[in-house]
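Structure first, commentary second.
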Amino acid sequence: MHRTSAQVTRCSAESLVTRPAKADEGFTRVGLAARGVAQLGSALALGARGRRFKSCHPDMTQSTDRRSEDQPLKDILAATHLGVLATLKRDGRPQLSDVSHLYDPEAATIRVSITEGRAKTANLRRDPRASVHVRPARGGGYAVAEGTAQLSQTAGDLQDVTVEALVDLYRTINGEHPDWDEYREAMVKDRRIVLTILVDNVYGWAP
């Protein structure tokens, strides 16, 4: 069985990154997640109260090992497009939402179509920290990607940049839409937004 908790590299000499979890913390996280998505949200809420940081002084050997160890978890993130998005409410408790997502391992990003005016959108505007929990379609294991959210402009015109990004996102996940004009109109009517999470940490368990 494969358990890990480590950063995706996005380091500079002046950056601050979350330190990797110690072994006992890793098993605590695994235990929480194994009890269900609600426990994942609880862990996120706890993390919101205070996170420990350290300066980034990368060790090239450790970085290479980490990328190798993380690969089974990244495979879980990429293998399915169904996950649970966790954002933070004003009181620190988690807001959990089922979403369709697209993980890009090369760019270390997750993209999700969300709607203006919804609770999760308001949460992300106030606090950009976000996590996506994903389980394989078959078998055991899970992966959690943590990162910082970026929100596009709200879709306002059939040909604007946001609508084009939503078309690309839909096409990559689902293939061709039977009526793209209808889809574009729905995106503007629903006031859709593209959420992009810049992933800086992946943890979980892969069998």
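Computed from the coordinates by the stated procedures, all read-outs in this text should not be read as laboratory data. All figures in this text were calculated on a predicted structure; none of them were measured in a lab. Glycine gets a Cβ as well: all are built from the backbone with ideal geometry, and neighbour counts include every protein chain shown.
When only Cα pairs below 8 angstrom with a gap of at least 6 residues are kept, region 59-207 shows a relative contact order of 29 percent.
Using only alpha carbon pairs under 8 Å that are at least six residues apart, calculate the relative contact order of region 82-121 and give it in whole percent.
32
Mean sequence separation of contacting Cα pairs (under 8 Å, at least six apart), scaled by the length of region 104-184, corresponds to a relative contact order of 20 percent.
Counting charges near Pro128 (Lys, Arg +1; Asp, Glu -1) among other residues having Cβ under 13 Å from its Cβ returns a value of +1.
Taking amide H as placed 1.01 Å from N in the peptide plane, Thr109 has its amide H under 5 Å from the amide H of Asp104, Val199, each at least 5 places away in sequence or on another chain.
A simple rule links phi to the HN-Hα coupling: the Karplus curve 6.51 cos²θ - 1.76 cosθ + 1.60 with θ = phi - 60°, which for region 136-144 gives x, 4, 9, x, x, x, 6, 9, 10 Hz, with x for Gly and Pro. Using the Cβ of Gly117 as centre and a radius below 13 Å, the other residues enclosed give a net charge of +4, where K and R count +1 and D and E count -1.
For region 114-207, what does the alpha-carbon gyration tensor say about shape, rounded, prolate or oblate, given a ≥ b ≥ c as the root eigenvalues, a/c under 1.5 as rounded, and a/b over b/c as prolate? Taking the square roots of the gyration eigenvalues as a ≥ b ≥ c, region 114-207 is oblate.
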